[in-house]
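The values are calculated or read from the model by the stated rules, or taken from the named source; none is laboratory data. Worth saying up front: this structure is predicted, and the values here are computed from it rather than measured. No Cβ is skipped: glycine too gets one built from the backbone with ideal geometry, and neighbour counts run over all protein chains shown. In case anyone asks, the SASA skips ligands and DNA or RNA and just uses the protein heavy atoms, side chains included. Shrake-Rupley method; radii C 1.70, N 1.55, O 1.52, S 1.80 Å.
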Amino acid sequence: MLPTRALRDCLDGVIPGVVSTCAADGTPNVAYMSQGQYLDRQHLALSYQFFNRTRQNILANPRATLGLIHPQTAQQYRVHLTYQRTETTGPVFESMKAKLAGIASHTGMSGVFRLLGSDIYRIDRVEVVPGSTVAAPAPAMDGLSALRACMERLPASPDAESLLDALLDGLLEHFAIEHALVMMLDPGRSRLYTVASRGYETSGVGSEIPLGEGVIGVAARERVPIRISHMTSEYAYGRAMREGAEQRGLGDLLETAIPFPGLAAPGSQLAVPIPGAREPIGVLFVESPSDMRFSHADEDALVALATQVGGLFRLFLAELELGEETQPATGQPPHPEGAPLRVRHYPANDSVFLGDDYLIKGVAGSILWTLLKDHQALGRTQFSNRELRADPRVRLPDQSDNLEARLVLLHRRLAEHRACVQMEKTGRGRFRLVVDRPLELEDMDPGA
C-alpha cells in the first residue's frame, strides 16, 4: 500500500496525475487528472468536470489506473482503482469545488472549470514504478513539535478570550502563520462573526459572513477543512459586507457593516471547523499572500488545534453550570460626570449606537442593552454569565447559545472603540460594567 503521506503529496496537484481507462470495446484512453483528493487508506476522489472520454469509459468499465509522481522525490506510483459512485453534494464535493475554483482562478480558467461531481474510487492496489528518485528535502519546521508547543499553552487559558489569544499567538510563534482569525457561528441567524484576529490592518471583530459563503462559510456548513493553494475570486470575501438588503427596519438603514479583515490578495487559504457537541461552534481560518503556503501537515495540525479549542469551549460552559466564583465585595462606584452620551437601541436587529457610532448588533447587542438598562434603572454594575443565559431579554438561541463567544465579541468591540462603557472580568463567569459618563438610553422602537 502506498504510504498515506506520499499519496496525499502526490494528489496535491503539483505534478498532474495521469488517468488511464478503457472503453467497453477495449479502446484505451489516457488523460491528465484535474484534481484528486485523499479520503482514506482505501479511497480517493477524482474531479468530474466534463462528460469526456474518461467519463464515458468509467461508466462503461469501472476499472482505472492512476499514474502519480511524488513532487519531492520523483518516485512514481501506479494506483489501480475501481469507480464506485459520484457525489454531487456534501463535504467531499464542496471541498473539491473550492479547491477547483482556486486552480481555475490561478490558471485564468474561472468560469470554465466547474465541478460537476466527485468520483469516488476504491484503491485496489499500488505499484511502485522502478526509476531514479531523489531524497526528500528536510522540512523547514518540525510540525509535531510546533503542534505540541501550541497545544500545551491552550489548557492554561482561564477563559474563552484568553484561549483565542493563546491560539492565534501560538500559530504565529510556532507555525509562523502571520494572518489568522477565528469566527464563531450564530446558528439562529446562519452567520459567522469574527471574535479574534491577528496580522491585519484592522481586527475586524464583529464582521460577519453568511453560513455557506466563501471558504470559511463552506467549511462551517459542510463541517470539513478546506485548503486552497491558489487565490480564487469565487471564494474571496468582500472587504465590506452589508446586511441592509437582507433585512428590514430602521436600524438596517444605518451603517452597521464592519469590514472583514481578510487579505486583499490571498495566495493560500485554509479554513478548519471548530467542532461543538452537535454542530461547529466556529471556524479557524488562516491565509497567506504566497501560493501553496499550507500543506497537509498544516491542515492536520490546525484540525487538532481546532478540536482542542472546541473541547475547551465546552469545558468553560460546563464550569459555569457547576457554579461561579464568589463575587468580591465592592463599594458603590462613583457617579459618572460629564455631558450625557446618547445610546440608541434598534430592536429590529438589536443594533446599538454610542452617539453616532455603530457598535454592535445581534445577541451581543441585546446583551449590552440589557446591561445598560439594569445599570440605569437599578444602579447595577456586577453581572454574571449564568444570569445572562437565563435572562429572557437577551433572547439567546435555545441551542448552541455560545454566550462566552458573544461576551468576547462585546468586550473587544467596547475596548477597540475605547467606549465610555467597558467590561472588566472579576472572576470565573462574572464581570463588572464600568461606566465613566452619564448615559441617555433611547429605545428606537419601544413598542416592539
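Quick notes on this structure:
- Selection over segment 111-128 of residues that are of a type in the set (A, V, I, L, M, F, W, C), modelled with pLDDT of 90 or more and open to solvent by 30 Å² or more (accessible area, probe 1.4 Å) gives a count of 3.
- Selected residue (criterion: most open to solvent (accessible area, probe 1.4 Å)) from residues of segment 147-176 that are without any contact (Cβ under 8 Å) to a residue 40 or more places away in the chain and touching a Ser or Thr at 6+ places or on another chain (Cβ under 9 Å): Ala156
- Residue tally, condition of a type in the set (A, V, I, L, M, F, W, C) and part of a loop (DSSP other than H, G, I, E, B), over segment 409-422: 2
- For segment 94-110, the candidate set comprises residues that are open to solvent by less than 30 Å² (accessible area, probe 1.4 Å) and either of a type outside the set (D, E, K, R) or in a strand (DSSP E or B) (or both); within that set, the residue that is modelled with the highest pLDDT is Met96.
- Just one of the listed residues (Gly26, Gly36) is surrounded by 16 or more Cβ atoms within 10 Å (Cβ to Cβ), modelled with pLDDT under 95 and not acidic (Asp, Glu), and it is Gly36.
- Search result, residues across segment 364-403 that are modelled with pLDDT of 90 or more and β-branched (Val, Ile, Thr): Ile367, Thr370, Thr381
- In segment 39-83, the residues that are under 27 Å from Arg5 (Cβ atoms) and charged (D, E, K, R): Asp40, Arg41, Arg63, Arg78
- Segment 268-287, residues that are under 9 Å from the mean Cα position of the chain (by Cα) and under 18 Å from His174 (Cβ atoms): Leu270, Val272, Leu284, Phe285, Val286
- Scanning segment 177-206 for residues being on the phi > 0 side of the Ramachandran plot and either open to solvent by less than 10 Å² (accessible area, probe 1.4 Å) or at pLDDT 95 or above (or both) gives a total of 2.
- Residues in segment 9-23 that are in contact (Cβ under 8 Å) with a residue 60 or more places away in the chain and open to solvent by less than 40 Å² (accessible area, probe 1.4 Å) were compared, and the one that is farthest from Asn61 (Cα to Cα) is Asp9.
- Looking only at segment 289-307, and only at residues there that are outside any loop (DSSP other than H, G, I, E, B) and open to solvent by 10 Å² or more (accessible area, probe 1.4 Å), the one that is farthest from Gly170 (Cα to Cα): His296
Okay, residues lined up against (1) closer than 15 Å to Ala160 by Cβ; (2) open to solvent by 20 Å² or more (accessible area, probe 1.4 Å); (3) outside any helix (DSSP H, G or I):
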| site | (1), (2), (3) |
| --- | --- |
| Gly338 | no, yes, yes |
| Ala348 | no, yes, yes |
| Val352 | no, no, yes |
| Ser366 | no, no, no |
| Gln376 | no, yes, no |
| Leu407 | yes, no, no |
| Glu424 | no, yes, yes |
| Phe431 | yes, no, yes |
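- Residue check for Leu409: touching a Leu at 6+ places or on another chain (Cβ under 9 Å) and either in contact (Cβ under 8 Å) with a residue 12 or more places away in the chain or among the basic types (Lys, Arg) (or both): no
- Val309 meets each of the listed conditions (1) of a type in the set (Val, Ile, Thr); (2) modelled with pLDDT under 95; (3) more than 19 Å from Val218 (Cα to Cα) apart from (2).
- Residue in segment 354-362 that is assigned to a helix (DSSP H, G or I) and free of Cβ contacts under 8 Å to residues at least 60 places away in the same chain present: no
- If you go through segment 39-64 and keep only what is open to solvent by 30 Å² or more (accessible area, probe 1.4 Å) and touching a Cys at 6+ places or on another chain (Cβ under 9 Å), you end up with Ala60, Asn61, Arg63.
- Of all residues in segment 363-388, those that are over 26 Å from Pro259 (Cβ atoms) and free of Cβ contacts under 8 Å to residues at least 40 places away in the same chain total 6.
- Within segment 378-391, being over 19 Å from Arg437 (Cα atoms) and open to solvent by 20 Å² or more (accessible area, probe 1.4 Å) holds for Arg386, Glu387, Arg389, Ala390, Asp391.
- Filter result (assigned to a helix (DSSP H, G or I) and either β-branched (Val, Ile, Thr) or farther than 21 Å from Ala140 by Cβ (or both)) within segment 169-197: none
- For segment 39-65, a residue qualifies if it is over 23 Å from Gly90 (Cβ atoms) and of a type in the set (S, T, N, Q), and the qualifying residues are Asn52, Gln56, Asn57, Asn61, Thr65.
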